[in-house]
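Inspection log for the structure reproduced underneath, given as structure tokens.
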Amino acid sequence: MHELSICGSIADIVTKRAAGRPVKVINVRAGQLRQIVPDTLVYCWELVSAETPLAGSRISVEPVPARIRCRSCEQVTDVGAVPVFACGGCGGFDVEVVSGEEFLITSLELEPFSSDDAGRVKPSAQGTGEKGSQGEEGACT
């Protein structure tokens, strides 16, 4: 169950990026080849975020299908539920993965500042789809 450790890394990144603002939703993209079970990730998030400032937030997982491109004929093919790394056009095996290996936080949906927050410095991530840096993406893999 590597989803639990992934959620721990997500919590660290989100806490830093939210800069004290309440978090509603963490949007992530999870490639098929990452072997992350979305329901398990959601469950583990509830465990990791309980009794923290992130309690009550949720993770929304956008699955990314695995796709390959044939180096011989250039056709792009979905690998399917049981990954088959053969070209759907010519049947060749000289292929490269073009999607399905990613795992990244794509955006945060944050609560607006309340009047109680008037004295705080505003964070750089405003919940408008800011993507994490490569270092942060790597922290979740």
Would you mind listing the strands (runs of 3 or more DSSP E) fully within the range 46-99 where at least 3 residues are of a type outside the set (Ser, Thr, Tyr) and closer than 30 Å to Ala11 by Cβ? 58-64
Picked from the range 1-28 (must be buried (at least 16 other Cβ atoms within 10 Å of the Cβ) and of a type in the set (Lys, Arg)), the residue farthest from Ala66 (Cα to Cα) is Arg21
For the range 12-20, does any single residue satisfy the condition of being in a loop (DSSP other than H, G, I, E, B), of a type in the set (Gly, Ala, Ser) and more than 30 Å from Phe113 (Cβ to Cβ)? no
Checklist (1) within 27 Å of Cys7 (Cβ to Cβ); (2) modelled with pLDDT of 95 or more; (3) touching a Gly at 6+ places or on another chain (Cβ under 7 Å) applied to Val61, failing item: (3)
Identify all residues within the range 22-45 that are outside any helix (DSSP H, G or I) and in contact with a Gly (Cβ under 6 Å, 6 or more places away or on another chain); write none if there are none. Gly31
Return the residues of the range 75-112 that are without any contact (Cβ under 8 Å) to a residue 12 or more places away in the chain and hydrophobic (A, V, I, L, M, F, W, C); say none if nothing qualifies. Ala81, Val82, Val84, Ala86, Phe93
Can you go through Gly132, Gly119 and tell me which one is touching a strand residue (DSSP E or B) at 6+ places or on another chain (Cβ under 9 Å) and modelled with pLDDT under 95? Gly132
Quick check on the range 100-116: of everything there that is over 16 Å from the mean Cα position of the chain (by Cα) and closer than 27 Å to Asp12 by Cβ, which residue is modelled with the highest pLDDT? Leu110
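The values are calculated or read from the model by the stated rules, or taken from the named source; none is laboratory data. From a predicted model like this one, the values you see are computed outputs, not experimental measurements. Cβ: placed from backbone, ideal geometry, glycine included. Neighbour counts: every protein chain shown.
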